[in-house]
Amino acid sequence: MAHTRPLLLALSGLLITACSGNADRGDDTDTNPNPVDAKLIGLNLDVGGLSHEVGTRITATAEGLYDDSSTKDLTAEVTWGVGDGTLLEVADGVPNEFVALAEGRVSITAGYEGVTKTVEVSLTPPSLTALKLFPAEAEIGMGAVVTLAVVGVYSNGSEETVTDLVTFETDSQTVLRPSNEIAGRMVTFGTEGTATITARLGAQVARGTYTVGPARIFNLAVTAPAERIGDTPLQFSAEAAWTDSRARTDETNTVTWTSSDPAIVTIDNTGLATRVSDGEVIISAVVPTTTVEGAVRLKTLGASVCGDYPEVHAAGIRYDDVAAPMFWRGAFTEAGEEVDFFMEDLPCDTQNFQTVLFVIGTGWCPYCPAFKQNIDAMQPQLNEAGMRVVYVEAETDSGAPAGNAVANSIVNRTLSGSTNPSIRMGDADAEGGASLPFRGIVQYYPYAVVVRTSDMEVIAAGQGHNFLNIANDPSRSYGSN
């Protein structure tokens, strides 16, 4: 019995040591924040605020609350849910991250070990963060107008044309001022100089600088008394249209005349053309020191021809009228090959194509890519129904008139990989008709024009048409919208 007390004391010391070790583990929140006997009594959810803009990403976190006043991050352990999947969806498969899809109120819920917590958030429209003005600068002649387009950039990265919503202001009313009738149109007002135009929507502004100079020639019409040339020389003439609306002037003796192939037809500095051999050429006239050019296609009497183009036609493209016999030298195919595109040749292929769909866009237009992609997706059906597809770019990314090369690059970046047959060309490189012919018919971008090849009449204008229906029945007109 003499050894009993020391043994008990030793055992007691071990027990105390064990209890002391357990107490230390419970206080060490870095390594084990919740003792095994602590009970989960609640959840705290953090969703980064109770209001989020559509298009933004919401990251949610969950914190567990225990009955011993300790906490633990349970973000990866809880089960997440949303009240309405049409308003909020899981982002990239990450359970606690969501993308706001549409406006409204929606709940985010987390559940763990029988405890749930719900937070309701408001999804608001994306905010306008910037404005872009197209073109941002330009030089125009007295009497001309410049039409501006404004694109709004939003917090979710989307862009939208807002020209009709902005307020335009000028710093020089006598040089250039906003039209009272057409949104985005700026008109000259009698004084040469430079004006800054400000587009304003809410707190956002965009500015452009525009210089008004003397009246200038903006279009040159080249004509001849016949469309074909024989042994008798043919006298061409050139008439100029001016920005200040003065009467057209005869510039036959001031322009520079050229023939695309002098081995077939030559032309002197007075505009007198002479046949050398059989074939076809382009007769061009250029206003010296400018890029203003007029041109026509000329065939010799011995050259083959499939038919006569309608003698009465519009100067450019106009709904319910015959399209002008315009052409584009150096247009592009979907394969990147350069080709010449002649409106005059379209009636020669009515057996394969009874209609031509001109899809008109710009480099800056936010809606144009999707429209082109929709056309491209249905193109096999359109082609089968006898509708050919031609893409026309009216303006570059900066709002300047687009030529063929830029037009091809714009379409390529939108329809990358497409092998559907198409022609790509720029409005600025049109010849044989009005200057920038497609800009004259367009009411908005993207736009579309359908021409019936049997008589070259424009039978539909606007994007709100069922183009497959038109292809299947081109016998009537479908309106302009």
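The values are calculated or read from the model by the stated rules, or taken from the named source; none is laboratory data. Here the structure is a predicted model, which is why all the values come from computation and not from measurement. Here the Cβ is made from the backbone with ideal geometry for all residues, glycine too, and neighbour counts use every protein chain on show.
Scan the range 441-457 and tell me whether some residue there is surrounded by fewer than 22 Cβ atoms within 10 Å (Cβ to Cβ), assigned to a strand (DSSP E or B), out of contact with any Leu (no Cβ under 9 Å at 6 or more places or on another chain) and not assigned by TED's automatic domain parsing to the domain that holds TRP242.
yes
Taking the conditions exactly as written (in the same structural domain as PRO437 (by TED's automatic domain parsing), in contact with a Cys (Cβ under 9 Å, 6 or more places away or on another chain) and surrounded by fewer than 21 Cβ atoms within 10 Å (Cβ to Cβ)), does PHE371 satisfy them or not?
Values: in the same structural domain as PRO437 (by TED's automatic domain parsing): yes; in contact with a Cys (Cβ under 9 Å, 6 or more places away or on another chain): yes; surrounded by fewer than 21 Cβ atoms within 10 Å (Cβ to Cβ): yes.
Yes: the conditions hold for PHE371.
Looking only at the range 191-211, decide whether some residue is in contact (Cβ under 8 Å) with a residue 60 or more places away in the chain, closer than 30 Å to VAL255 by Cβ and crowded, with 17+ Cβ neighbours inside 10 Å.
Yes, because at least one residue in the range 191-211 is in contact (Cβ under 8 Å) with a residue 60 or more places away in the chain, closer than 30 Å to VAL255 by Cβ and crowded, with 17+ Cβ neighbours inside 10 Å.
Would you call ARG318 in contact with a strand residue (DSSP E or B) (Cβ under 9 Å, 6 or more places away or on another chain) and assigned to a loop (DSSP other than H, G, I, E, B)?
Yes.
Let's see how each residue does on (1) at pLDDT 95 or above; (2) closer than 30 Å to GLY363 by Cβ; (3) touching a Phe, Trp or Tyr at 6+ places or on another chain (Cβ under 6 Å):
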{"residue": "ASP46", "(1), (2), (3)": "yes, no, no"}
{"residue": "TYR66", "(1), (2), (3)": "yes, no, no"}
{"residue": "ASP92", "(1), (2), (3)": "no, no, no"}
{"residue": "THR116", "(1), (2), (3)": "yes, no, no"}
{"residue": "LYS132", "(1), (2), (3)": "yes, yes, no"}
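Keeping to the range 461-472, report how many residues are at pLDDT 95 or above and either in contact with a Gly (Cβ under 7 Å, 6 or more places away or on another chain) or loosely packed, with under 13 Cβ neighbours inside 10 Å (or both). Show your work before the answer.
Filtering the range 461-472 for residues at pLDDT 95 or above gives 461-462, 465-472.
Pick out the ones that are also either in contact with a Gly (Cβ under 7 Å, 6 or more places away or on another chain) or loosely packed, with under 13 Cβ neighbours inside 10 Å (or both) and you get 466, 469, 471.
Residues flagged as at pLDDT 95 or above and either in contact with a Gly (Cβ under 7 Å, 6 or more places away or on another chain) or loosely packed, with under 13 Cβ neighbours inside 10 Å (or both) within the range 461-472 amount to 3.
Could you grab me the full set of residues in the range 279-311 that are farther than 17 Å from ASP261 by Cα, in the same structural domain as LEU234 (by TED's automatic domain parsing) and either crowded, with 20+ Cβ neighbours inside 10 Å or of a type in the set (Val, Ile, Thr) (or both)?
Result: VAL287, THR289, THR290, THR291, VAL292.
Collect the residues in the range 213-229 that are buried (at least 19 other Cβ atoms within 10 Å of the Cβ) and more than 20 Å from ALA315 (Cα to Cα), keeping them in residue-number order.
Scanning the range 213-229 gives a single hit, ILE229.
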